[in-house]
Amino acid sequence: SAVISQKPSRDICQRGTSLTIQCQVDSQVTMMFWYRQQPGQSLTLIATANQGSEATYESGFVIDKFPISRPNLTFSTLTVSNMSPEDSSIYLCSVQGRTTDTQYFGPGTRLTVL
Amino acid sequence: QQQVKQSPQSLIVQKGGISIINCAYENTAFDYFPWYQQFPGKGPALLIAIRPDVSEKKEGRFTISFNKSAKQFSLHIMDSQPGDSATYFCAASKFYGGTSYGKLTFGQGTILTVHP
């Protein structure tokens, strides 16, 4: 199984600022995803992080608001830009390994925007 | 057409009882159905998954039942324990071959509470 770490684990931010969340995996993976989970809600896919090319965003999510980088096969970042209280949520990194159909999730980053 | 509908929203079961959570999907292209378990403050963890070439899959106390014609699948937790208290999510995606799967579409989640 893949071991995923996310930084920071939680943060409290002011409206209008930006936060970059890091996701590190202990092995090379093919697919990396970013999800949002609002309090008490299900998981919503924000985008697929593509290595060496622009991320693929889901409907309702745009690059200007959620820029994503994936410089290699083990690391990705998600930035939440120009934050508002509505961005308060848990942001989860997820990966799919090269030889497994299982999608593993990181522990999440709990973001509160004041 | 991408929705996965999950029920019930919450479930209370006595220790030793059977917990049953149901999901229904609309997209007939879905052919991979995992269940995830999430404890407070943690990311979801894969519990069990099924492909539609079988109607049932069992792993320990956890069983997935799959009804392709009805486009429904369910999770059964036998001999439920207080440690099973968590939020359970069903999901669905399309299998593209090898180990390549499409993006997961999640159900709304079920909060399971198992009383001692």
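The values are calculated or read from the model by the stated rules, or taken from the named source; none is laboratory data. Please read all numbers here as calculations on a predicted model, not as lab measurements. A quick note on method: Cβ atoms are made from the backbone with ideal geometry, for glycine too, and the neighbour counts reach across all protein chains shown. For accessibility, only protein heavy atoms count, side chains too; no ligands or nucleic acids. Shrake-Rupley method; radii C 1.70, N 1.55, O 1.52, S 1.80 Å.
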Problem set entry | Of all residues making up the stretch A:72-110, the number that are away from chain B (no Cβ under 14 Å) and not β-branched (V, I, T) | 13
For this session: Please state which one of B:S74, B:S93, B:S19 is within 11 Å of another protein chain (Cβ to nearest Cβ), touching a Phe, Trp or Tyr at 6+ places or on another chain (Cβ under 9 Å), surrounded by 17 or more Cβ atoms within 10 Å (Cβ to Cβ) and in contact (Cβ under 8 Å) with a residue 12 or more places away in the chain.
Result: B:S93
For this session: Considering only residues that are of a type in the set (K, R) and in contact (Cβ under 8 Å) with a residue 40 or more places away in the chain, look in the stretch B:25-71 and name the one that is nearest to the other protein chains (Cβ to nearest Cβ).
Result: B:R51
Exercise. Before we move on, is A:I68 surrounded by fewer than 20 Cβ atoms within 10 Å (Cβ to Cβ), away from chain B (no Cβ under 14 Å) and at negative phi?
Worked result: no
Problem set entry | Residues of the stretch A:9-45 satisfying the condition of being at pLDDT 95 or above, open to solvent by 40 Å² or more (accessible area, probe 1.4 Å) and not charged (D, E, K, R) | A:S9, A:I12, A:Q14, A:G16, A:T17, A:S18, A:T20, A:Q22, A:Q24
For this session: Hey, can you tell me all the residues within the stretch A:65-81 that are among the β-branched types (V, I, T) and out of contact with any helix residue (DSSP H, G or I) (no Cβ under 9 Å at 6 or more places or on another chain)?
Result: A:I68, A:T74, A:T77, A:T79
Exercise. Hey, any hits in the stretch A:78-90 for a residue that's part of a loop (DSSP other than H, G, I, E, B) and open to solvent by 40 Å² or more (accessible area, probe 1.4 Å)?
Worked result: yes
Exercise. Taking the stretch A:46-60 as the search range and keeping residues that are buried (at least 17 other Cβ atoms within 10 Å of the Cβ) and within 15 Å of A:V29 (Cα to Cα), which one is nearest to the other protein chains (Cβ to nearest Cβ)?
Worked result: A:T48
Exercise. What is the residue count in the stretch B:58-116 for residues that are among the aromatic types (F, W, Y) and modelled with pLDDT under 90?
Worked result: 3
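Would you mind finding the one in A:T102, A:T56, A:T79, A:T30 that is in contact (Cβ under 8 Å) with a residue 60 or more places away in the chain, farther than 26 Å from B:Q37 by Cα and of a type in the set (V, I, T)?
Values: A:T102 fails: farther than 26 Å from B:Q37 by Cα; A:T56 fails: in contact (Cβ under 8 Å) with a residue 60 or more places away in the chain; A:T30 fails: farther than 26 Å from B:Q37 by Cα.
Testing whether each residue is in contact (Cβ under 8 Å) with a residue 60 or more places away in the chain, farther than 26 Å from B:Q37 by Cα and of a type in the set (V, I, T) leaves just A:T79.
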